[in-house]
Amino acid sequence: MSIILKPGREKSLLRRHPWVFSGAIHRVDQEPASGSTVDLLSSNGQFLARASYSPHSQIRARVWTFNDEPVDREFFRKRIRAALATRQSLLSLQDTDAYRLIYAESDGIPGLIVDRYGGVLVLQSLTTGSEYWKETFADLLLEETSLKNIYERSDADVRELEGLPSVTGILRGSPVTQLAINEHGLKFLVNFESGHKTGFYLDQRANRQRVHELAKDKDVLDCFSYTGGFSVNALRGGAKSVLSADSSADAIELCKQNVVLNHLPKERHSTLAGDVFQVLRKFRDEARSFDMIILDPPKFAPTSAQVDRAARAYKDINLLAFKLLRPSGMLVTFSCSGGVDAALFQKIIAGAALDAGVEAQIVEHLSQDVDHPVSLSFPEALYLKGLVCLRR
Ligand code: SAH
């Protein structure tokens with residue numbers, strides 16, 4: 001089975017970008033089954049890559065390999081082994097038992113995300129290609145990790161673009177649905193049945209540690225706190241007080257439990273279930289102030305189409321946060337929107353400070369942790385951007 005590209009449309013593949021959009025295709029030979037493996041050929045018949053076929057998606061093919069080699073069980077075993085080895089070399093695994101084991105395109109397996117939470121793997125299949133090989137992936141993952149349990153969380157919206165239904169539940173073994181992970185001496189309850197993404201924001205691990213280091217003696221406001229990743233670290237770091245705000249009552253409940261689980265001073269912690277946009281306005285009207293404000297909102301702009309609206313939302317919360325910061329206070333602000341790049345994010349934050357009437361400086365740039373690598377030929381994998389700003 002093969003896909004023949006239009007003249008000149010092989011360029012991105014020659015730069016090793018792994019996607020082929022429908023508009024680049026001249027002809028599809030026969031009709032390959034959804035998710036099956038096809039050869040990508042240039043207009044003059046030259047072999048370019050071997051890829052998975054996605055008949056319903058604008059991204060019609062995703063490359064497994066640029067070499068003329070079989071794509072089979074052993075091929076994927078090598079990819080999984082390589083991904084495991086990278087984590088072993090980059091993370092100190094005695095300090096954390098929760099990390100992203102496989103990060104899709106970045107690990108040469110488009111569509112597949114696998115996160116490890118203690119003895120449980122949580123698998124997310126996002127494309128027809130990863131769906132086609134899902135059972136093989138599950139078997140290989142157990143063989144290569146010696147673990148027994150896999151829970152599936154293939155319920156991300158992007159599956160719709162591939163024509164795939166939402167699927168969740170046990171894939172292998174008999175995993176419990178909630179357990180406590182260990183991260184740098186702290187425990188966090190993770191529920192991978194009902195939690196966001198696969199259960200926890202693993203990408204923020206290194207940034208949680210920064211907050212741990214920076215929070216001493218501070219009054220901290222943790223906005224979009226989820227289950228308290230930053231809040232718990234701030235308390236452990238010696239914060240004077242921590243207020244966690246999130247719209248999800250379930251997340252707030254787990255956040256409280258996480259404070260107790262780590263024997264942290266409960267009396268220094270408070271929670272607020274509500275809309276952060278309103279909470280910040282209310283605090284401004286009440287002239288409340290903080291030494292450290294963390295803003296880690298959900299994706300406002302998943303793609304570039306929503307950038308303008310997202311930019312306004314980022315500016316809004318950051319402007320309000322700057323107003324609530326005491327002099328020398330610290331804003332730790334993030335964007336996980338793929339559609340907003342680092343330069344634009346910095347510009348939005350600069351605009352927010354200006355309109356808030358405060359002077360601030362960037363003292364640190366933050367990003368996703370090392371278990372979320374970014375292949376140089378696939379820059380789309382970089383989505384998390386953070387700035388630590390000091391109000392002067
Ligand atoms: N900081 C967290 C992750 C935050 S994810 C961590 O490190 O673990 C984003 C969170 O924002 C989610 O918990 C979601 O419930 C919450 N959320 C989304 N929209 C919100 C809003 N308008 N107001 C308050 N919380 C919101």
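The values are calculated or read from the model by the stated rules, or taken from the named source; none is laboratory data. All of these numbers come straight from a predicted model, not from anything done at the bench. Positions of Cβ are backbone-derived with ideal geometry, glycine not excepted, and every protein chain shown enters the neighbour counts. These area figures cover heavy atoms from the full protein model, side chains too; ligands, DNA and RNA do not enter into them. Shrake-Rupley method; radii C 1.70, N 1.55, O 1.52, S 1.80 Å.
Odds and ends about this structure:
- Separation of the Ala350 and Arg284 label points, Cα + 7 Å toward Cβ, nm: 2.2 nm
- Solvent-accessible area, 1.4 Å probe, carbon plus sulfur percent, for segment 2-65: 49 percent
- Cα long-axis angle, helix 205-214 against the chain (0 to 90 degrees, to the nearest 10): 20 degrees
- The accessible area of Ile181, taken with all protein chains in place and a 1.4 Å probe, comes to roughly 0 Å².
- Per residue accessible area in Å² of segment 73-179, where ligands, DNA and RNA are left out and the probe is 1.4 Å: 40 Å²
- On segment 201-391, 52 percent of the accessible area sits on carbon and sulfur atoms, based on a 1.4 Å probe.
- With every protein chain in place and a 1.4 angstrom probe, the accessible-area ranking of Thr86, Thr136, Thr96, largest first, reads Thr86, Thr136, Thr96.
- When the Cα positions of Gly163, Thr128, Ser106 are compared along the charge dipole of the chain, Ser106 comes out farthest toward the positive end, with charges on each C-beta of Lys, Arg, Asp and Glu.
- For Trp19, Trp64, the ranking by accessible surface with the largest value first comes to Trp19, Trp64, using a 1.4 Å probe.
- Residues Ala156 and Arg16, FRET efficiency given R0 of 22 Å [Cβ-Cβ distance, rounded to 0.05]: 0.30
- Separation of segment 281-331 and segment 336-390, taken as the distance between their Cα centroids, equals 13 angstrom.
- Heavy atoms of the protein chains alone define the surface here; on that basis segment 201-391 has 42 Å² accessible area per residue at 1.4 Å probe size.
- Whole-percent carbon and sulfur share, accessible surface of segment 73-179, 1.4 Å: 50 percent
- Ranking by accessible area, most exposed first, for Glu253, Glu152, Glu364 with a 1.4 Å probe: Glu253, Glu364, Glu152
- Every helix of 4 or more DSSP H residues in the chain counts as -39500 (n - 2.57), and over all residues that averages to -9000 deg cm²/dmol at 222 nm.
- Tensor-based shape of segment 2-65 (alpha-carbon gyration tensor, a/c under 1.5 rounded, otherwise prolate or oblate): rounded
- Computing FRET efficiency as 1/(1 + (r/R0)^6) for Glu193 and Ser36, where r is the C-beta to C-beta distance and R0 is 35 Å, gives about 0.65.
- Relative contact order, percent, the chain [alpha-carbon distance under 8 Å, six or more residues apart]: 11 percent
- Accessible surface of Tyr132 - all protein chains present, 1.4 Å probe, nearest 10 Å²: 120 Å²
- Annotation: extensible slack from Asp68 through Ile170 equals 33.2 nm (criterion: 0.36 nm per residue apart, minus Cα-Cα distance).
- Most simply put, the chain has about 65% antiparallel DSSP beta bridges, counting only bridges with both residues inside it.
- Solvent-accessible heavy-atom area per residue, rounded to whole Å², over segment 2-65 at 1.4 Å: 46 Å²
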